[in-house]
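Engineer: I'd like to ask you about the structure that follows.
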Amino acid sequence: MGSSCQKNGADEVLETLKHELKEEGLHKHVHITKTHCNHLCKQSPIVMVYPDGIWYEEMTPKLAKKLVQEHIRKGKPLKKHILRTIPY
Ligand code: FES
């Protein structure tokens, strides 16, 4: 949620994640934490999913919806959009 992420749509991504988690009935099982800049501004917005340790780049509301449905719901990360993996 640093300035570059926000400039590139982080607020909309966050709202989509919250909405989709609720729609999927997962909001009680997934905790969302906003961070400051993670120094990957050119690839922003960044979304990290832990404990999987997967960092996504250039997240959009459309991708955020897919992230919840595929990664969170089914355990299938969106491979094409992974920036890096840093296991917990
Ligand atoms: S503002 Fe998001 S990575 Fe820098």
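The values are calculated or read from the model by the stated rules, or taken from the named source; none is laboratory data. Because the structure is predicted, anything quoted here is derived from the model rather than measured. Quick note on the areas: whole protein, heavy atoms, side chains included, nothing else; ligands and nucleic acids left out. Shrake-Rupley method; radii C 1.70, N 1.55, O 1.52, S 1.80 Å.
Engineer: Rounded to a whole number, what % of the accessible area of the range 39-88 do carbon and sulfur atoms account for, probe 1.4 Å?
Structural biologist: Its accessible area is 53 percent carbon and sulfur atoms.
Engineer: Can you give me the angle between helix 10-23 and the longest principal axis of the chain, using Cα atoms only, in degrees from 0 to 90, rounded to the nearest 10?
Structural biologist: 10
Engineer: Quick one: accessible area per residue over the range 3-85, 1.4 Å probe, rounded to a whole number of Å²?
Structural biologist: I get 67 Å² per residue for this part.
Engineer: Cα-based Rg of the chain per 2.2 N^0.38 Å, rounded to two decimals?
Structural biologist: 0.99
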